[in-house]
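I have placed the structure first, in the form of structure tokens, so that the comments after it can refer back to it.
The values are calculated or read from the model by the stated rules, or taken from the named source; none is laboratory data. It should be emphasised that the depicted structure is a prediction, and the values quoted were computed from it without experimental measurement. Glycine gets a Cβ as well: all are built from the backbone with ideal geometry, and neighbour counts include every protein chain shown. Just the protein is used for accessible areas: all its heavy atoms, side chains included, with ligands, DNA and RNA removed. Shrake-Rupley method; radii C 1.70, N 1.55, O 1.52, S 1.80 Å.
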Amino acid sequence: MHAPVLVMQDSMKREQGGKVQRANIQAAKAVADIIRTTLGPRSMLKMLLDAAGGIVVTNDGNAILRELDLAHPAAKSMIELSRTQDEEVGDGTTSVIVLAGEMLHVAEAFIDKKYHPTVICRAYAKALEDAVAVLDKIAMTVDIEDRETMLGLVKSCIGTKFTSQFGDLIADLAIDATRMVGVELGQGLREVDIKKYIKVEKVPGGQLEDSVVLKGVMMNKDVVAPGKMKRKIVNPRIILLDCPLEYKKGENQTNAEILREEDWTVLLKMEEEYIENICAQILKFKPDVVITEKGLSDLACHYLCKAGVSAIRRLRKTDNNRIAKACGAVIVNRPDELQESDVGTGAGLFEVKKIGDEFFTFIVDCKDPKACTILLRGASKDLLNEVERNLQDAMSVARNIIKCPKLVPGGGATELTVSAMLKQKSSSVEGIEKWPYEAAAIAFEAIPRTLAQNCGVNVIRTMTALQGKHANGENAWIGIDGNTGEITDMKERKIWDSYAVKAQAFKTAIEAACLLLRIDDIVSGIKKKQAPGAGPSKPKIDEEGDADNDQLIPE
């Protein structure tokens, strides 16, 4: 007797799951549609109003999504995708969202036909495996020592950005900076930490062409006693400290009762002797510059001035680390533990310059710096912020190529090749998984289609022509030129993408699509305020209607 009831309950549950999945897919598509127009070199810009009331104009996918405040949890998880992509490889943030949105869009038809999400996910996982295999097949190894190739590569990857109008400038800065901080780990491995050891300093004023990569470090600081200390020293000996050069204050509150006037003098004398002692230990090594992260008292300043030493205090920890990497110094915690090997002698010049109204300290012309500063000049703060965002992407691309020197064709050629190969393979996939596998193959065409839309060409004609060229596998490098909308050979136009960025984008997009498809319920765990005396409330389950009423896109 119970069997029909159980079957009904089961079908009701699946119906409920289907509703939630459709709502998730709609939310993901809404996010993808917001930034679809920012893909490619002829893309549109977005004007963002941030929480503080400021205005940002950009076409960087991650920067746009960061500012969105969406109600739907599926939309929020889509935003996390672009953040993941940005953290991992620093580029392809728009592509990953467009691709994930498309993967979910093609899955909607199968949800309507009552396919189980696990079947769709299995097919997608198989498609991802085969897509990465195709990438390996068409990837081309590149020589990272060849500057021309590197320049062309970085330029083609950031050609979609706002700063592409300034020619090679940004690409040059990025390549110089990443080359400088690259560290050989042995066995052919290289570590390039662009977050820790490359600092971007934005100084409004001057021309954008005045931007340079400094062979060393620059920070917004002046010497402690400007009139008495030298502001320019050639080949300085630098000592870095992270301890205060002032009298130690007691850890706990202490009271000292003094009965005689002489005792007070003795106390002051002890303080002075303590500071003199510290300074003597430092001056023993004949430094030219002393830099500390903590305070530096007037008395210590006096002793250092007397010895002709320039001092800087209250420096950021990160800046101190960069100086240590640039000039070969070791940061010392206690002056009495100083050794000759801790003194940095790698810098060629210490100089304090005034730019605009502020003083900046330069420790530059280092022999073999493993940290550097990029000085950006420009007309306004907004321009500088956009240039910095583009520069971060360019440095990430350069880092990816140094770590994994493989290239794939850009301009949607890679996606078209992957799509064509998967369509061919779908005929050998057995069972019910064949159709979602084929749908995943079609979803990859979203990238070249979006590029064609953003160029303003006839999308259907262009896509048909591209599919025809790729269907018979004549050339994997045929793609769409994002500037003109022509169908050309990417090798000739030097439009390339980094292998690491593409592989990461495919993996992130498909895995995220599978994750969202496998959600069959959204349960709110937020406690609502109850009227006094009311009983405990039941957990609320979102119906499809509720999800649709949620505002997906902020007004």
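Note the full-extension length gain between Asn220 and Ile526 as 0.36 nm times their separation in residues minus their Cα-Cα distance, in nm to one decimal.
105.6 nm
Please work out how much length the chain gains when fully extended from Asp242 to Ala307, using 0.36 nm per residue of separation minus the C-alpha to C-alpha distance, in nm with one decimal.
Working it through step by step, the gained length comes to 21.3 nm.
Please give the FRET efficiency for Asp382 paired with Glu257, using the beta carbon to beta carbon distance and R0 = 56 Å, rounded to the nearest 0.05.
The formula returns an efficiency of 0.40 here.
How high is the FRET efficiency from Arg334 to Arg314, r the C-beta distance, R0 22 Å, rounded to 0.05?
E(calc), rounded to 0.05, equals 0.75.
On the protein heavy atoms, probe 1.4 angstrom, tell me the percent of accessible surface of the chain carried by carbon and sulfur.
Of the solvent-accessible surface of the chain, carbon and sulfur hold 51 percent.
Take every DSSP beta bridge whose two residues both sit in the chain, then give the antiparallel share in percent to the nearest 5.
Around 65 percent antiparallel, to the nearest 5.
Quick check: the distance between the Cα centres of the range 450-473 and the range 98-123, to the nearest angstrom?
24
Using alpha carbon centroids, what distance separates the range 368-382 and the range 294-357, in Å?
When both Cα centres are located, 21 Å separates them.
Would you kindly state how much longer the chain becomes between Ile55 and Met140 on full extension, computed as 0.36 nm times their sequence separation minus their alpha carbon distance, in nm to one decimal?
Extra length available between Ile55 and Met140 comes to 26.5 nm.
Calculate the length of the line joining the C-alpha centroid of the range 141-186 to that of the range 210-278, in whole Å.
Value for the Cα centre distance between the two parts: 42 Å.
How tilted is helix 317-327 with respect to the longest principal axis of the chain? Cα atoms for both, answer in degrees (0 to 90, nearest 10).
80
Do any cysteines in the chain lack another Cys Cβ under 4.7 Å, and if so which?
Cys157, Cys243, Cys279, Cys301, Cys305, Cys327, Cys366, Cys372, Cys404, Cys455
Measure nothing but the geometry: give the 0 to 90° angle between the long axis through the Cα atoms of 117-138 and the longest principal axis through the Cα atoms of the chain, rounded to 10°.
That works out to roughly 60 degrees.
Restricting things to alpha carbons, find the Rg to Rh ratio for the range 139-286 using the Kirkwood radius for Rh.
Result: Rg/Rh = 1.19.
Quickly rank 108-114, 147-153, 363-369, 312-318 as a protection proxy: mean count of other C-beta atoms within 10 Å, highest first.
Those peptides, ordered most packed to least, come out 363-369, 147-153, 312-318, 108-114.
With a 10 Å radius around each residue's Cβ, average the other Cβ atoms per peptide and rank 450-460, 221-231, highest first.
450-460, 221-231
For every other residue with a beta carbon closer than 15 angstrom to the beta carbon of Leu65, add +1 if it is Lys or Arg and -1 if Asp or Glu, then tell me the sum.
With Lys, Arg at +1 and Asp, Glu at -1, the net is -3.
Averaged over every viewing direction, what's the projected area of the C-alpha convex hull for the range 241-284? Give it in nm², one decimal, please.
Answer in nm², one decimal: 3.9.
Simple spin-label model, 7 Å along Cα-to-Cβ: Glu430 to Ala280 in nm?
Going by the 7 Å Cα→Cβ label model, 8.8 nm.
In the set (i) 4, 18, 28, 26, 16, 7, 1, 0; (ii) 3, 15, 23, 25, 19, 10, 4, 1, 0; (iii) 3, 15, 20, 19, 15, 12, 9, 4, 1, 0, 0, which value of P(r) over Cα pairs in 10 Å bins from 0, in percent was calculated from the structure you see?
Correct label is (iii).
Rounding to the nearest 10 and keeping the result within 0 to 90°, find how far the Cα-based axis of helix 446-455 lies from the longest principal axis of the chain.
Tilt of helix 446-455: around 80 degrees.
Which entries in Lys469/Lys507; Lys202/Lys248; Lys434/Lys507; Lys406/Lys469; Lys215/Lys507; Lys381/Lys406 show an alpha-carbon gap greater than 32 Å?
In this structure, Lys202/Lys248; Lys215/Lys507; Lys381/Lys406 lie more than 32 Å apart at Cα.
How large is the accessible surface per residue of the chain, computed with a 1.4 Å probe and reported in Å² as a whole number?
50
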